[in-house]
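Remarks on the structure that follows.
What follows is calculated from the coordinates using simple rules that are stated; it is not laboratory data. Every value quoted in this text rests on a predicted model; they were computed, and no experiment measured them. Here the Cβ is made from the backbone with ideal geometry for all residues, glycine too, and neighbour counts use every protein chain on show.
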Ligand SMILES: NC(=O)c1ccc[n+]([C@@H]2O[C@H](COP(=O)([O-])OP(=O)(O)OC[C@H]3O[C@@H](n4cnc5c(N)ncnc54)[C@H](O)[C@@H]3O)[C@@H](O)[C@H]2O)c1
């Protein structure tokens, strides 16, 4: 069935890819973005699509959401991805990070309720805080350090509150689902100093300078190819009920690769991928509160969404490199 879908943060890294996926499935889409980090370039391939409207606006502003609904003539589904994402911002712009996460989610959530639309929240493994028990299960507890130590959890703790707001709305009748993407990567990553480690490393290769590994480089992540991540969002929004017949409202889904790799291994893998363009690695820098391990338990996504990661790290890095060499 053709759906009318609002994607907040729709010009961002994941949002733009999700917009493309939704259009390809025949849905009508509004991409709402204030271009804090997103860009029209991310939407270039669908810019002239007859079922896409781009609304430049702020997700914390009621009227901007209303403009989205007007453009679609009603809304069936909201994919809420707008956020100030990028690790460096979490300390540097903590108030802005909290503002968009909390106020943006509350506005988008209330609009979904008023429109009678389904709602999908982009949460984050950061919503578990410093919980280091791996693999992280969907319903594991969240643990946060004292707010006086650093501001990193401006992001994770406000995502945690977003999840509480969503669960509260579900108790009041909203059909809402939560997706937690684990370290997505792909060819369109920004990879500047504000975050996205795979992009940073490929940028170092392109500029033939050393890759900088934060901490000791032994911290692990589950790098997930963008197509797999977007499929998780897509299914969380599209399915009426779980493929196992269960209710999806109020469920949360960890979406991430099962290949847990150290940042050092990631850098070495990128060097293997780029062959003669390989660069040196240097250790240093990083952010306070950086988690040591990150590995998802994705069994709920597998059982209820029918989702599983399909792209290996080696294949994903090869696809990124191929696309970076040929251009978009
Ligand atoms: N990429 C990942 O691996 C990852 C991991 C965990 C969680 N997430 C979550 O997924 C979502 C998308 O992440 P992404 O990687 O595409 O990040 P991104 O920064 O590329 O996308 C976020 C988009 O939101 C926009 N935005 C920021 N503030 C806004 C505002 N006030 N109003 C409207 N738009 C605004 C930005 O301009 C950007 O286009 C975010 O909610 C993020 O927290 C992503």
Q) Based on the mean of other beta carbon atoms within 10 Å per residue, what is the order of 169-178, 71-80, most packed first? A) 71-80, 169-178
Q | Degrees between helix 226-238 axis and first principal axis of the chain (Cα, 0 to 90, nearest 10) | A | 20 degrees
Q: Calculate, axis by axis, the spread of Cα positions in region 1-84 along the three principal axes, and write the results as whole Å, longest axis first.
A: 32, 26, 18
Q: Calculate the radius of gyration of the Cα atoms of region 138-212 to one decimal place, then report Dmax, the largest Cα-Cα distance, as a whole number, both in Å.
A: 17.4, 54
Q | Model label zone, residue 147; criterion: amide N under 12 Å from point 7 Å along Cα-to-beta-carbon; scope region 158-172 | A | 158
Q) Across every pair of different alpha-carbon atoms, what Kirkwood hydrodynamic radius in Å does the chain reach? A) 19.9 Å
**Q.** Projected-area average for region 35-131 over all orientations - Cα convex hull basis, square nanometres
**A.** 7.3 nm²
Q: Output the peptides 83-95, 240-252 sorted from most to least packed, where packing is the average of other Cβ atoms within 10 Å over each peptide's residues.
A: 83-95, 240-252
**Q.** residue 39 versus residue 290: modelled label distance in nm, points set 7 Å from Cα along the beta carbon direction
**A.** 2.5 nm
Q.
With a cut-off of 8 Å between alpha carbons and a minimum separation of six or more residues, what is the relative contact order of the chain in percent?
A. 17 percent
Q: For residue 137, put the label point 7 Å out on the Cα→Cβ axis and report which residues of region 149-172 keep their amide N under 18 Å from it.
A: none
Q | Extension gain, residue 172 back to residue 326 (0.36 nm per residue minus Cα-Cα distance, nm) | A | 50.5 nm
**Q.** Prolate/oblate/rounded label for region 24-66 (Cα gyration tensor, a/c 1.5)
**A.** oblate
